[in-house]
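A.B. asks: Encoded as C-alpha cells, here's the structure I'll be asking about.
The values are calculated or read from the model by the stated rules, or taken from the named source; none is laboratory data. Keep in mind that this is a model prediction, so the values were computed, not measured. Positions of Cβ are backbone-derived with ideal geometry, glycine not excepted, and every protein chain shown enters the neighbour counts. Side chains included, ligands, DNA and RNA excluded: accessible areas come from the protein's heavy atoms. Shrake-Rupley method; radii C 1.70, N 1.55, O 1.52, S 1.80 Å.
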Amino acid sequence: MSLNIRIEKTKNPKTKPDSNNLKFGELFTDHMFIMDYTEGMGWHDPRIVPYGPLELEPSTMVFHYGQAIFEGLKAYKTKDKKILLFRPEKNMERINISNDRLCIPPIDVDFAVEAAKTLVNLEKDWIPEAEGTSLYVRPFIISTDPYLGVRPSITYKFMIILSPVGAYYKEGINPVKIYVETNYVRAVKGGIGYSKTPGNYASSLKAQVEAIEKGYTQVLWLDGVEKKYIEEVGTMNVFFNINGEIITPSLESGSILAGITRASTIELLKSWGIKVTERKISIDEIYQAHLDGTLIEAFGTGTAAVISPVGELSWNEKTIIINNGEIGELSSKIYSTITGIQYGNICDNFGWIVEVS
Ligand code: COI
C-alpha cells in the first residue's frame, strides 16, 4: 500500500507535562493519525491532523454494538535520543486477527507501522525521558455507519493517538494483590476473548470494581466453563514459576489474548535455558503448589504493565502469599532485560526493536 500521509500541523501546541509525574493514559499529544474505510474504496485518505474531538452522529454503529478493536504499544527515547518501538509489526498483525473476528476489513500491516512511525516521529518531543516512562501508542478502529440495524458497518475509521505515560499500576514494579474471580467470567471458547476489542474490557469492569473494593488491584480470570483453569489477569497474561519451571496458560483455549510481552517473555526465558510450558493450569494446582512450597513466583506481562509481579492471590477465602509478597528474582531479571532492550540499554539480539528516526 503506497499512500501519502497528509500532515496538518496544530497551531496551538500544548505544554508538555513534567515527565516525573506521569500517570497512565491521562494526557494526549498534539496530533493524531486518521484513515477512513469506505466499501468499494478500501482504506483511504491517511492524514495526521491536530488532536481533537471527532464529529460522529449519535446513530454511529460503534456506540451501539461495539464493533471496534484497539492495540497498545510504546515508543521509547534512548540516552542518545534515538526513538525506538518494540515489535510494532506484531501489534499491527494482531489488529488483523481482531479485525477478522469483528468483521472489520483488514489493514495493511506495513503501512500501519509506517503511520505509527510517522506520527511518533512528529511527536518525538512528547516522549518522556524519566525512568519507566514512555509514549503509549494507541491504534484503534471504530465502525462509523450511522445505522441501527445489527450488521457489520461498511465504513470505518482507523486512528492512532499518543499518550505520554508512567507506570500502569500505582505499585509500579512492586508486587500486586490479585483476586481470583469465581463469579464473573471474561470469555469462553468461540467468543471474542482472543481479540483486542472493547467488549472484553467492558465485561471485565464489574469484577474489577468489586476486586478493588475488596483491596485487590486486579482479577485473575478462570475459564468460563468450569471456572477451574487460569486464563489471564485484568490487563495482562500470567506466568507461574513452579519449582523452576515457568508455566503460562496456553492460547489453545481461544479465550486468551496472545500478548506480545507474553511471547517475548517466553522467547527470553527459553534463550536463558529456562523450561517454559504453555498448558492448561488449574487454580487448584497453584494452590497445591503453594501448600507444597513449590510456588516460587508469579507475574503478569503486558504492554502497559510490562512485568508485574504478583505478591498475593485471594481464592475462595484462601490467601496465597507468593515469594513473601516480594519481587521475585526471575520477574526482576525479565523486567530489567525487556525494558533494557526497549530503552536501548541492552543489545537486542532478537530483532525486536524498530528505530523510528
Ligand atoms: C496494553 O497493555 O497495552 C493494554 O492494552 C492494556 C490496556 C487495556 C491498558
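A.B. asks: Averaged per residue, what accessible surface does region 287-334 expose to a 1.4 Å probe, in Å²?
C.D. replies: Working: 2010 Å² over 48 residues.
Result: 42 Å² of accessible area for each residue.
A.B. asks: Report, as a whole number in µm² per second, the diffusion coefficient that Stokes-Einstein gives for the chain at 10 °C and 1.306 mPa s using the Kirkwood radius over alpha carbon pairs. Provide the component values of the computation, followed by the final result.
C.D. replies: Working: Rh = 21.3 Å.
Answer from the Stokes-Einstein relation: 75 µm²/s.
A.B. asks: What accessible area per residue, rounded to a whole number of Å², is obtained for region 24-91 using a probe radius of 1.4 Å?
C.D. replies: Working: 3010 Å² over 68 residues.
Heavy-atom SASA per residue in region 24-91 reads 44 Å².
A.B. asks: 7 Å from Cα along Cα→Cβ at both T78 and R6: what's the point-to-point distance in nm?
C.D. replies: 3.6 nm
A.B. asks: Follow-up. Averaged across orientations, what area in nm² does the convex hull of the alpha carbons in region 176-342 project? List each step's numbers first, then the result.
C.D. replies: Working: hull surface 35.7 nm².
Dividing the Cα hull surface by four gives the mean projection, 8.9 nm².
A.B. asks: Taking a cut-off of 20 Å between Cα atoms, list the aspartates and glutamates near K14, but don't count ones fewer than 8 places away on the same chain.
C.D. replies: Correct list for K14: E26, D30, E123, D125, E129.
A.B. asks: Restricting to region 137-264, what percent of DSSP beta bridges are antiparallel, rounded to 5? Let's see the in-between values first.
C.D. replies: Details: 13 of 16 bridges.
DSSP beta bridges in region 137-264 are roughly 80 percent antiparallel.
A.B. asks: Oh, and also: Starting from the coordinates of the alpha-carbon atoms of region 6-165, obtain the Kirkwood hydrodynamic radius over all distinct pairs and give the value in Å to one decimal. Display every interim value, and only then the final one.
C.D. replies: Values: mean 1/r = 0.0607 Å⁻¹.
With all distinct Cα pairs of region 6-165 included, I get 16.5 Å.
A.B. asks: Give me the extension gain from R101 to E26: residue separation times 0.36 nm, minus the current Cα-Cα distance, reported in nm with one decimal. Before the final figure, lay out each step's value.
C.D. replies: Details: separation 75, 0.36 × 75 = 27.00 nm, distance 2.94 nm.
Result for the pair: 24.1 nm of gain on full extension.
A.B. asks: I need two numbers for region 194-278: Rg to one decimal and Dmax as a whole number, Cα atoms only, in Å.
C.D. replies: 14.0, 41
A.B. asks: If exposed means no more than 16 neighbouring beta carbons inside 10 Å and the site is in a DSSP loop, what's the longest run of the chain without any exposed GluC sites (Glu not before Pro)? Working shown, then result.
C.D. replies: Details: sites that count: E8, E26, E39, E55, E129, E131, E171, E226, E317, E326.
In short, 227-316.
A.B. asks: Express the carbon and sulfur contribution to the solvent-accessible surface of the chain as a percent, rounded to the nearest whole number, probe 1.4 angstrom.
C.D. replies: Percent of accessible area from carbon and sulfur atoms in the chain: 50.
A.B. asks: Quick one: of K227/K333; K177/K318; K206/K333; K81/K270, which pairs are farther than 22 Å apart, Cα to Cα? Before the final figure, lay out each step's value.
C.D. replies: Values: K227/K333 32 Å; K177/K318 13 Å; K206/K333 34 Å; K81/K270 31 Å.
Over 22 Å apart, Cα to Cα: K227/K333; K206/K333; K81/K270.
A.B. asks: Right, next: Run the numbers for I34 and D125: contour at 0.36 nm per residue of separation, minus the present Cα-Cα distance, in nm. Working shown, then result.
C.D. replies: On the way: separation 91, 0.36 × 91 = 32.76 nm, distance 2.06 nm.
Extra length available between I34 and D125 comes to 30.7 nm.
A.B. asks: Over all alpha-carbon pairs in region 42-117, figure out the percentage whose distance exceeds 16 Å. Don't jump to the answer; show the numbers that get you there.
C.D. replies: Values: 1834 of 2850 pairs.
Percentage above 16 Å: 64.
A.B. asks: How far, in degrees from 0 to 90, does helix 88-101 lean away from the longest principal axis of the Cα atoms of the chain, to the nearest 10?
C.D. replies: Long axis of 88-101 versus the principal axis of the chain: about 90 degrees.
A.B. asks: Another question, then. Compute the angle between helix 329-342 and the longest alpha-carbon principal axis of the chain, please, reported from 0 to 90 degrees and rounded to the nearest 10.
C.D. replies: It works out to around 20 degrees.
A.B. asks: What angle do you read, to the nearest 10 degrees and between 0 and 90, between the alpha-carbon axis of helix 283-292 and the longest principal axis of the chain?
C.D. replies: Taking Cα atoms only, the helix is inclined about 40 degrees.
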